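A short worksheet on the structure shown next.
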Amino acid sequence: MDRAAEANRLARTHVWWQDPDVTLAEPRRLLCQILKLGRPEDDVVAESLWGREALRRALLEAGPGEIDAKSDRPPSPRASICSGPRRRRSRSASRPATTSTSRRLD
């Protein structure tokens, strides 16, 4: 495996809006994108390139919305590398919960 070529491919695929050199200089965002959107084989390549600990840190340090726990696709098989509890976002007290009501349009 050509490590540089694989890293470049992952950067172009998962952080397409940014130059791969910029992405690879600080790969945390790339790792979050791979955990969120990557194929299982991308997870394996990322682990071989950056290591299990880097994936674990990306998972634990991800900001709100970087790795969407509520997406309709199953979580990455690599999500199990995080042995601790996942952080949950709490609803702000200043932002009331919304309720859905159905209305009849006559």
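Every read-out reported here was derived from the displayed coordinates using simple, explicitly stated rules and does not represent laboratory data. This structure is a prediction, so every number in the text was calculated from the model and none was measured. Counting neighbours? That spans all protein chains shown, and the Cβs are built from the backbone with ideal geometry, glycine included.
Listed values, structure above:
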{"item": "Close pairs (7 angstrom Cβ cut-off, 6 or more residues apart or separate chains): under 12 Å from Ile34 (Cα atoms) in the stretch 1-12, of a type in the set (Asp, Glu) anywhere", "result": "Leu10/Asp42"}
{"item": "Residue within the stretch 26-47 that is small (Gly, Ala, Ser) and loosely packed, with under 13 Cβ neighbours inside 10 Å present", "result": "no"}
